[in-house]
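Below you'll find the structure, written out as structure tokens, and then a few comments.
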Amino acid sequence: MDTNDTEHICPPSALKKLNNPLRRLVHNPRRLFGEYIHPGDTVLDLGCGGGFFTVDLARMVGEDGRVIAVDVQQEMLDFTRKTVEKKGVLDRVTLHLCRSDDLALDGVSANFALAFYLVHEIPDREAFFDQVARALKPGARFMLVEPKGHASPPLFEKILADAEAAGLKQERPLRIVMSRGVFLQKI
Ligand SMILES: C[S@@+](CC[C@H](N)C(=O)[O-])C[C@H]1O[C@@H](n2cnc3c(N)ncnc32)[C@H](O)[C@@H]1O
């Protein structure tokens, strides 16, 4: 991670809140995106934090699938490693340290991507969406969710326009408490 670029990045001290088991009541992974993930899939958990979603993604892709858990902070990846190890699914998770301006996903061809509460922390959205689009197979879904407090309606519209410019078309909006979210599709 660039040492001078930590201002807008979620600190590891937030992990207790992010990985609180009660969060499943509002952010239930199977209900949110279960229909789009199949055994054997390769999926991206972008800005994985402490692995709150990584565990369920790993269960959904099964033994023959792969979750690439991407984060800019090594401390987050270390926490994710412990989380998925405890749940017995580390064998299907790749922990991937990226740079704030480069996801470094060359050669990846994924069936699904998740960016949950990440995009407001991204310094260069244009480059980010370009890199995500390149890492997805045509037709693949990309679930993008932002906290309402960090994405006003006009900002969220801008975010969607940036995504669309990279070839990530809006498929349908999502209704999630205190959040704005959409399913995008790589065209
Ligand atoms: C608010 S947390 C959300 C974590 C997780 N998605 C969740 O919902 O529990 C945002 C995460 O994105 C990561 N992040 C911030 N900027 C990033 C970037 N440029 N590339 C990859 N990850 C980034 C942070 O380190 C942090 O772990």
Farthest positive-ward along segment 1-145 dipole, Cα basis, beta-carbon charges - from Val89, Ala133, Gly49: Val89
Burial order of peptide ranges 149-160, 105-116, 51-62 (average beta-carbon count within 10 Å, highest first): 51-62, 105-116, 149-160
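Hey, what does the equivalent ellipsoid look like for segment 28-186, semi-axes from the Cα gyration tensor as sqrt of 5 times each eigenvalue, largest first, whole Å?
They are 23, 16, 16 Å, listed from largest to smallest.
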Let a ≥ b ≥ c be the square roots of the eigenvalues of the Cα gyration tensor of segment 1-77; is it rounded (a/c under 1.5), or, if not, prolate (a/b larger than b/c) or oblate? oblate
Students often check this: by mean Cβ neighbours within 10 Å, which of 175-184, 130-139, 40-49 ranks highest, and how do the rest follow? 40-49, 130-139, 175-184
Ranked highest first by the average count of other Cβ atoms within 10 Å around their residues, in what order do 11-18, 71-78 fall? 71-78, 11-18
Cα convex hull of segment 98-187: mean projected area in nm², to one decimal? 5.2
Using only helices, what value at 222 nm comes out for the chain when you add -39,500 (n - 2.57) per DSSP H run of length 4 or more and divide by the total residues, to the nearest 500 deg cm²/dmol? -8000 deg cm²/dmol
State to the nearest 20 debye the size of the charge dipole of the chain about its Cα centre, where the only charges are +1 on K and R beta carbons and -1 on D and E beta carbons. 1000
DSSP bridge orientation in segment 60-187 - percent antiparallel, rounded to nearest 5: 55
Of Ala14, Pro39, Gln73, which is farthest on the positive side of the dipole of the chain, counting Cα position, with +1 on Lys and Arg Cβ, -1 on Asp and Glu Cβ, and the Cα centre as origin? Pro39
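Every read-out reported here was derived from the displayed coordinates using simple, explicitly stated rules and does not represent laboratory data. Please read all numbers here as calculations on a predicted model, not as lab measurements. All Cβ positions, glycine included, derive from the backbone under ideal geometry; neighbour counts span all protein chains shown.
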